[in-house]
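The values are calculated or read from the model by the stated rules, or taken from the named source; none is laboratory data. Predicted model only: the values in this text are computed from it and were never measured. When we count neighbours, we look across all protein chains shown, and the Cβ atoms used for this are built from the backbone with ideal geometry, even at glycine.
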Amino acid sequence: MFGISRAANQFAKMRRAIGLPPYHELNIPMDAIETIVKSTGAEPWFVWSVQNRSTRGETNSAMDWIVKHIPKDGLIFEVGCGCGANLIWLAQHGFHNLVGTDGSASAIAAAEQLADLAQQKISVRVVGGFVPSEGNVTALLAINCIYYAPIDMIEHLKACRDKLVPGGYVIFDMVDRSFDSMPNNQYITDDWRLPEAKRRPSQYVVRMSPDELRDKAARAEFAMLSELSGTKVPPRYVAVLQRIDQ
């Protein structure tokens, strides 16, 4: 379930060989990303996340699913959108109703500049939280964000449900409960090589097995349609939930 396929990496190499960026990368100069991130004061991690985008299993799985199943004119709303890379990528692939929010003004400033550089149109604004600030959403996207703080998943999904069109989708990655049995899971992953006394607590606060999530989704009137591949460390999967309408 977890990780990036060998075939995907080979495909990326083929695209580079013919002068095209790998499929999952942004079509922008990679050396410009660091300049934009530094000038806006956004998190340095955004540089790595954009430059290494084609290796990020959780992001790639979510994007691939959207391309296959969501109409190009559907409203895709990403909460915790960071520097806007997912929205820019979707714009590159023909989607044109793209909205993102993030609690960080510097992240939104970086998103606006990256979108301008890519010559793609997205709408981003500074709004905190993980529930869309508007309704009629076709697909709600939340990648690499909702497991960093305690959350009542049932209540969260109920709040999101009210923002979706009938039959709308919620797509997000989740840290699998199996992470609890991995050595050092109680510490932040960047600190695993440090002496134990210097390690900080894990950033992955919420961990949930697919079965746990499926049960909570049903109680919020969602069906869990898919469990897509994510990452190996930590073990993550991408859940695709659909609003149930009687």
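Among the residues of segment 76-95, is there at least one that is of a type in the set (S, T, N, Q) and more than 18 Å from I171 (Cα to Cα)? The answer is yes, given that some residue of segment 76-95 is of a type in the set (S, T, N, Q) and more than 18 Å from I171 (Cα to Cα). Residues in segment 100-135 that are hydroxyl-bearing (S, T, Y) and more than 21 Å from R161 (Cα to Cα): S104, S106, S123.
Got at least one residue in segment 38-46 being out of contact with any Cys (no Cβ under 6 Å at 6 or more places or on another chain), part of a helix (DSSP H, G or I), at pLDDT 90 or above and within 21 Å of C145 (Cβ to Cβ)? Yes: one or more hits.
Okay, residues lined up against (1) surrounded by 15 or more Cβ atoms within 10 Å (Cβ to Cβ); (2) on the phi > 0 side of the Ramachandran plot; (3) aliphatic (A, V, I, L, M):
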site: P166; (1), (2), (3): no, no, no
site: E196; (1), (2), (3): no, no, no
site: R214; (1), (2), (3): yes, no, no
site: M224; (1), (2), (3): yes, no, yes
site: V240; (1), (2), (3): yes, no, yes
site: Q246; (1), (2), (3): no, no, no
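Beta carbons closer than 7 Å, at least 6 apart along the sequence or on distinct chains, pair a first residue in segment 210-239 that is without any contact (Cβ under 8 Å) to a residue 40 or more places away in the chain with a second that is hydrophobic (A, V, I, L, M, F, W, C) and exposed (fewer than 15 other Cβ atoms within 10 Å of the Cβ) for A223/I244. Number of residues in segment 57-76 that are in contact with a helix residue (DSSP H, G or I) (Cβ under 7 Å, 6 or more places away or on another chain) and either surrounded by fewer than 20 Cβ atoms within 10 Å (Cβ to Cβ) or outside any helix (DSSP H, G or I) (or both): the value is 1. Just one of the numbered conditions (1) farther than 21 Å from K232 by Cα; (2) touching a Ser or Thr at 6+ places or on another chain (Cβ under 6 Å) is not true of G57: (1). Here is the figure for segment 137-172: residues that are touching a strand residue (DSSP E or B) at 6+ places or on another chain (Cβ under 8 Å), closer than 15 Å to I244 by Cα and not in a strand (DSSP E or B) total 4. Of the candidates V79, V131, V126, the single residue that is crowded, with 24+ Cβ neighbours inside 10 Å and either of a type outside the set (K, R) or in contact with a Gly (Cβ under 7 Å, 6 or more places away or on another chain) (or both) is V79. The residues of segment 96-123 that are in contact with a helix residue (DSSP H, G or I) (Cβ under 8 Å, 6 or more places away or on another chain), in a loop (DSSP other than H, G, I, E, B) and surrounded by fewer than 23 Cβ atoms within 10 Å (Cβ to Cβ), listed by number, are Q120, K121. Scanning segment 198-208 for residues that are of a type outside the set (A, V, I, L, M) and surrounded by 14 or more Cβ atoms within 10 Å (Cβ to Cβ) yields a count of 5. For segment 205-245, a tally of residues being modelled with pLDDT of 95 or more, among the charged types (D, E, K, R) and not in a strand (DSSP E or B) returns 7. Among the residues of segment 152-195, the ones that are in contact (Cβ under 8 Å) with a residue 24 or more places away in the chain and under 21 Å from E43 (Cβ atoms) come to 4 in all.
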